[in-house]
Amino acid sequence: MKSYNIAVMGGDGTGPEVVREAIKVLDVTTKKFGIKLNYTNYDLGGERYLKTNEALPDSVVEELRKFPAILLGAIGHPDVKPGILEKGILLRLRFELEQYINLRPVKLYDERFCPLKDKQPEDIDFVVVRENNEGLYTGSGGFVFKGTPNEIAIQESVNTRRGVERCLRYAFELAQKRRGGKPWKGLKPDDTKKGQASQLTLCGKTNVLTYAFDLWFRAFNEIGEKDFKNVKRDYAHVDATTMWFVKNPEWFDVIVTDNMFGDIITDLGAMVQGGMGIAAGGNINPKGTSMFEPIGGSAPKYTNLGVINPLAAICAGQMMLDFLGETEAAQAIEKAVIGVTREKVKSLAAGKMGYTTSQIGDLVASAI
Ligand code: IPM
Ligand code: MN
């Protein structure tokens, strides 16, 4: 029997509640598919920080390196100053474990939950590949004359050829692999004549960020031309991208972008797929420890009320199985989530689902 060691970090707020449901679903799924997951719990987050004044001990980072995957609930506590836990736990793990991809699928499971008029599930089915180790997130920059009227704050976007290139390659490969190798429906006859079967859109801002996105744009074209000729290359400025997410989401299949733009457009993506209740993501190191999370945050006001939607965490579990190579088991979870979403829940929003948090977990588990 295949077995995997998984680190579990429920974290703050509603994190532990949704992770509990994800594990409930993982347990029935792995049983059915003859897989074993061995969980080790890590008590990290705001409560621990308030008690110990330490967000993430170095020794824990070293221990986490030994796991192929981490299942994370949420990080963020109302009594801790913004930035401390985010930088101290979430970003630190993304950086130190070199999870250089932030993978965020945007898929509409039921048209009832789409805020866009007349859009169907087949119109909203794309993936954002967000660079996860560089850009504005490295902390490069600083203050000059802080606290004086002459104060200067500089925040620099770091883009290395190596970092950009590995992200682009991952995105090109994903574009090739998606849709089981079948040509993507959005391609024009002209593209298919050129032998192109998939599409990758680079989202940037080449008209203003003429250093950072010049590098991205050159690397995108060079790598595409050299190694991914069958992938149609498309480019969109980030502002236009947000417009098209709303107007023509069917234009997208795989989108690749930098850390900051990826952060912003994936919240919009989460909304068009039905909200934070269903949006999951993976922080991926293709050769190391990856970390999977619902992207919605800790939602402190809903803590322990049994009203939070666990589907996003369940989908994070699905992404984790897929990363581990357990494709069939992952697909079974997705199928069950689609069924529950289409046939059972009234809404994907906290408190309006028509079921409690644990009932949703039960529904998905029994569908499996
Ligand atoms: C996300 C979050 C984080 C980010 C925050 C909590 C640091 O918004 O995962 O998208 O900005 O990356
Ligand atoms: Mn975000």
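The values are calculated or read from the model by the stated rules, or taken from the named source; none is laboratory data. Model, not experiment: these values are computed from the prediction. Note that each Cβ is placed from the backbone with ideal geometry, even for glycine, and that neighbours are counted across all protein chains shown. Each accessible area value is taken on the protein alone, full model and side chains, heavy atoms only, with ligands, DNA and RNA left out. Shrake-Rupley method; radii C 1.70, N 1.55, O 1.52, S 1.80 Å.
Things to note:
- Of 229, 247, all but one fail to be farther than 20 Å from residue 190 by Cα, open to solvent by 50 Å² or more (accessible area, probe 1.4 Å) and among the charged types (D, E, K, R); the exception is 247.
- The combined condition, being within 16 Å of ligand 2 (Cβ to nearest atom) and more than 13 Å from residue 257 (Cβ to Cβ), is fulfilled by residue 105.
- Looking only at residues of region 253-272 that are among the aliphatic types (A, V, I, L, M) and open to solvent by 10 Å² or more (accessible area, probe 1.4 Å), we find that the one that is farthest from ligand 1 (Cβ to nearest atom) is 271.
- If you check 326, 293 for being touching a strand residue (DSSP E or B) at 6+ places or on another chain (Cβ under 7 Å), away from ligand 1 (no atom under 15 Å from the Cβ), closer than 30 Å to residue 14 by Cβ and among the acidic types (Asp, Glu), only one passes: 326.
- Answer residue from region 301-346, given it is under 15 Å from residue 36 (Cα atoms) and without any contact (Cβ under 8 Å) to a residue 60 or more places away in the chain and is most open to solvent (accessible area, probe 1.4 Å) among those: 322
- Extreme residue, nearest to residue 68 (Cα to Cα), among residues of region 287-300 that are open to solvent by 10 Å² or more (accessible area, probe 1.4 Å) and away from ligand 2 (no atom under 16 Å from the Cβ): 288
- Region 67-94, residues that are over 22 Å from the mean Cα position of the chain (by Cα) and surrounded by fewer than 19 Cβ atoms within 10 Å (Cβ to Cβ): 78, 79, 81
- Of the criteria (1) touching a strand residue (DSSP E or B) at 6+ places or on another chain (Cβ under 6 Å); (2) within 15 Å of ligand 2 (Cβ to nearest atom), which one residue 284 fails: (2)
- The residues in region 131-177 that are in a loop (DSSP other than H, G, I, E, B), open to solvent by 80 Å² or more (accessible area, probe 1.4 Å) and in contact (Cβ under 8 Å) with a residue 12 or more places away in the chain can be counted, and the count is 1.
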